[in-house]
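Visitor: Here it is: the structure, laid out below.
The values are calculated or read from the model by the stated rules, or taken from the named source; none is laboratory data. Model, not experiment: these values are computed from the prediction. Here Cβ is always computed from backbone atoms with ideal geometry, including for glycine, and neighbour counts include all displayed protein chains. Side chains are part of the model used for accessible areas, which takes the heavy atoms of the whole protein and leaves out ligands, DNA and RNA. Shrake-Rupley method; radii C 1.70, N 1.55, O 1.52, S 1.80 Å.
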Amino acid sequence: MSILDRFAVTDQVAIVTGAGRGLGAATAVALAEAGADVLISARTESQLEQVAAAVRATGRRCVVVAADLSDLDAVAGLAQTAYDELGRLDTVVNNVGGTFPRGFLETSERFLDEAFRFNVLTAHALSRAAVPLMLRSAPLGAGAAQQSIVTISSMLGRTAGRGYLAYGTAKAALAHWTRLAATDLAPRVRVNGIFVGSIRTSALDYVAGQPELMEQLEGSTPLGRVGEPEDIAAAVLYLASRAGQYVTGKLLEVDGGIQQPNLDLGLGDLEPAALS
């Protein structure tokens, strides 16, 4: 087997959540280009259909499921749908998530709970439903890679910055869930994640329209630029394929080299009046 062959996922089946655009869309297409059939899910069907067209253009099958992925039953149901429609299940990419920044005193208990639910419980619900089906899927050929789960965390899950308490806490929990799940599921299912940095997706549209903010973002990144969705998709492919078959319980830092948040939200110190 050549080194490039190790990155192939020929005839495997993957689920990618949050796949209507950005990281999820790029990941779904990358997995298809490497040989996988893909189930993609997000809220907006029109976006999913555009991604599905790109997947099918590679010659691979694509199942589209438009759903509210904050609904734990809906997200868990993707596993059985992928198995029924595509015949097996090898890889789950937990890409659904996100939380708006808020100051500490504006972060209610409900807001923190919702951040945890959307970023962590969705990944657990889908993965828990998927694992029995992954175990049922026979290996594809001698030396085939173990089935794989990949979580999309954030560099804010390993660093600290003002305004990111809910998001950072949820992403840190998702990162440690990844390590713990890897221990529980070894050796049959590998579980890894990615600490994602600033990536040029719709989430950066506002920043991209403000030259001074983009200058701050890029100037604070050692590689001097924001990332592309394909940077993350390539890392997912590595973790899902035989190239990463000796990796589990790890979080790759795909973030341009940053060691602290590279965007200051401008939240100042608390004023005494806020404490009364």
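Visitor: Cβ under 10 Å from residue 35's Cβ, residue 35 left aside: what net charge do those residues give with Lys, Arg +1 and Asp, Glu -1?
Guide: Net local charge, residue 35 excluded: -2.
Visitor: Can you work out the base-10 log of I(q)/I(0) for segment 65-218 at q = 0.09, 0.18, 0.19, 0.20 1/Å, using the Debye formula on its C-alpha atoms alone?
Guide: Here log10 of I(q) over I(0) equals -0.35, -1.10, -1.17, -1.25.
Visitor: A further question on this structure: Once Rh for the chain is found with the Kirkwood sum over Cα pairs, what is the Stokes-Einstein diffusion coefficient at 37 °C and 0.692 mPa s, in µm²/s?
Guide: It diffuses with D of about 172 µm²/s by this estimate.
Visitor: Turning to a different aspect of this structure: Under the rule of at least 5 residues apart or a separate chain, name every residue whose amide H is placed under 5 Å from the amide H of residue 147.
Guide: Placed amide hydrogens put 190 under 5 Å from residue 147.
Visitor: Sequence gap at least 6, Cα distance under 8 Å: using those rules, report the relative contact order of the chain to the nearest whole percent.
Guide: 20 percent.
Visitor: In whole angstrom, note down how far apart the Cα centers of segment 78-102 and segment 146-189 are.
Guide: What the calculation gives is 15 Å, centre to centre.
Visitor: Taking amide hydrogens as modeled 1.01 Å from N in the peptide plane, which residues meet the under 5 Å criterion relative to residue 198, leaving out close sequence neighbours?
Guide: So residue 198 has HN proximity to 227.
Visitor: Carbon and sulfur atoms: what percent of the 1.4 Å accessible area of the chain do they account for?
Guide: Details: 7030 of 13150 Å².
The C+S portion of the solvent-accessible surface of the chain is 53 percent.
Visitor: Per-residue HN-Hα couplings for segment 99-104, Karplus 6.51 cos²θ - 1.76 cosθ + 1.60 at θ = phi - 60°, whole Hz, x for Gly and Pro?
Guide: 7, 6, x, 8, x, 4
Visitor: To one decimal place, what orientation-averaged projected area in nm² is obtained for the convex hull of the Cα set of segment 207-267? Let's see the in-between values first.
Guide: Working: hull surface 21.8 nm².
If I average the Cα hull's projected area over directions, I get 5.4 nm².
Visitor: Simple spin-label model, 7 Å along Cα-to-Cβ: residue 11 to residue 110 in nm?
Guide: If labels sit at residue 11 and residue 110, their model points lie 5.2 nm apart.
Visitor: Additional query: Please compute the length gained on full extension between residue 245 and residue 73, using 0.36 nm multiplied by the number of residues separating them and subtracting their Cα-Cα distance.
Guide: Here the segment from residue 245 to residue 73 would lengthen by 58.9 nm.
Visitor: May I pose another question? For the pair residue 265/residue 43, report the inter-label distance in nm, with labels modelled 7 Å from Cα in the Cβ direction.
Guide: Spacing of the two 7 Å Cα→Cβ label points: 1.9 nm.
Visitor: Grab the other residues whose beta carbon is less than 14 angstrom from that of residue 135, score K and R as +1, D and E as -1, and report the net. Could the numbers behind the result be given before it?
Guide: Numbers: positive: 88, 128, 136, 188, 190; negative: 90, 184.
Summing Lys and Arg as +1 and Asp and Glu as -1 gives +3.
Visitor: For residue 183 paired with residue 80, estimate the spin-label separation in nm (one decimal), with each label point 7 Å from Cα along the Cα-to-Cβ line.
Guide: 3.2
Visitor: To check my understanding: the extent here is largest minus smallest coordinate of the Cα atoms along each principal axis. What are those three numbers for segment 62-139, in Å, largest first?
Guide: 51, 22, 17 Å, listed from the longest principal axis down.
Visitor: Under a Cβ-Cβ cut-off of 13 Å, what is the net charge of the residues other than residue 147 that fall near it, where Lys and Arg count +1 and Asp and Glu count -1?
Guide: On the way: positive: 88, 136, 188, 190, 242; negative: 90.
Around residue 147, the charge tally is +4.
Visitor: What is the distance in Å between the Cα centroid of segment 123-139 and that of segment 197-276?
Guide: Computed from Cα coordinates, the inter-centre distance equals 29 Å.
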